[in-house]
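Right, one structure below, let's go through it.
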Amino acid sequence: MEDSEKNLQEIVEAKGSDESANEVKKKKKRKSYRARRSLIVSKLSCFRSPDYGFPTIDEVDGDGNVDMKSASAGENHSPTHLVVMVNGLIGSAHNWRYAAKQFLKKYPEDIIVHCSERNSSLLTFNGVDVMGNRLANEVTSVIKRHPNLQKISFIGHSLGGLIARYAIAKLYTRDSTDNHCLECISSERIAGLVPINFITVATPHLGTGGHKQVPMFGGSNTVEKVANQISWVLGRTGRHLFLTDKAHGQPPLLLQMVKDCEDLKFLSALQSFRRHVVYANAHFDHIVGWSTSSIRRRNELPQRKNLVRSGKYPHILKGEHDTTNTIKQETSIKSQVNSFKAARASMEEAMIRGLTKISWERIDVSFKGSKQRYFAHNTIQVNTPWMNSDGADVIQHLLDNFHLHL
């Protein structure tokens with residue numbers, strides 16, 4: 001009888017011990033869940049906040065232009081590097097606000113960020129040249145407000161990259177007239193400042209005029225022809241993007257912008273920057289194709305199956321080395337059968353040849369597997385943080401590789 005009672009007591013104690021252990025496990029699980037939830041809420045709160053977790057001082061002039069400085073920097077600090085951020089089609093300065101905050105967080109003492117205001121909303125239909133002139137005037141006014149600036153960099157999203165390319169040609173100066181002078185590079189200036197970084201994000205450098213440069217058209221020759229016919233819907237900008245503008249017998253504007261013209265030195269202005277970078281979506285960008293945004297022929301694009309994700313930056317791809325200078329142009333015999341495709345291919349080839357006279361860092365991006373993948377064109381910029389937050393690592397990559405000095 002005593003043995004039975006003893007066994008029963010041991011069973012009860014063992015059961016109590018198990019229940020206690022289970023309770024401890026449950027408490028740990030709840031604590032871990034609360035910690036994860038707190039972290040997620042904290043991140044989301046940061047994205048919802050207009051400051052995105054980092055306070056800045058926004059200086060607004062009479063024209064509505066906004067210059068952003070770090071609120072944490074000393075009162076007497078005088079930044080010497082101007083970073084100009086340019087929005088895309090139907091965009092606004094607000095599209096770059098998240099990225100601007102991250103720049104100021106990383107370089108609080110060194111930079112002023114100016115998110116361009118003068119080409120927003122429907123004004124983006126006015127044409128690359130008109131918007132480029134506006135941006136050039138805008139940058140000049142910013143520099144006048146900050147006389148201590150010494151260096152300048154541009155970052156453009158989508159159409160903004162083309163606008164920036166036009167603007168720098170307007171702002172380009174070169175003190176020396178001797179083309180063989182060893183010091184000529186140091187004498188080149190953009191709006192009187194030393195050019196450092198020229199960065200574009202999902203920019204249609206080769207235009208969007210047919211030849212499979214707009215993924216949403218599905219590569220259909222018929223659809224591309226229709227889009228070509230109705231490009232006027234986007235105003236002068238549409239004609240520039242679809243390469244249908246031929247004012248006064250001149251070639252399309254984007255074709256002109258790959259070389260130096262008599263009054264605008266497009267190529268020299270671009271070459272004057274110490275660094276040239278293109279970020280391009282390899283998947284799910286339905287607006288701008290991979291080849292036009294990375295300035296490569298389609299047969300030069302890496303095989304997607306050979307691309308792997310970077311550990312630190314989940315959406316940045318690593319893979320084959322750039323093959324732009326080693327792969328020869330494909331034969332165009334087949335394309336000559338169709339004059340529409342042949343004309344587009346010919347202009348595209350001319351633009352590639354012009355732009356690849358400059359060395360480019362090509363950063364391929366993929367949001368495959370992300371819930372935000374179908375918004376890849378905006379996610380790569382973190383256009384709207386609560387909707388495009390997965391692009392934060394792309395912005396971080398841009399920051400970590402940004403050249404602050406010569």
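Values in this text are rule-based calculations from the coordinates and carry no lab data. Bear in mind the structure is a predicted one, so any value in this text is a computation, not a measurement.
Tabulated data
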{"read-out": "Span from the the range 237-279 Cα centroid across to the the range 335-406 one, whole angstrom", "value": "18 Å"}
{"read-out": "Of Lys144/Lys265; Lys151/Lys357; Lys101/Lys357; Lys106/Lys368; Lys151/Lys312; Lys312/Lys341, pairs whose Cα-Cα distance is over 32 Å", "value": "Lys101/Lys357; Lys312/Lys341"}
{"read-out": "3J(HN,Hα) from dihedral phi, the range 386-397, Karplus parametrisation 6.51/-1.76/1.60, rounded to Hz, x for glycine, proline", "value": "6, 9, 10, 4, 5, x, 4, 6, 5, 4, 5, 4"}
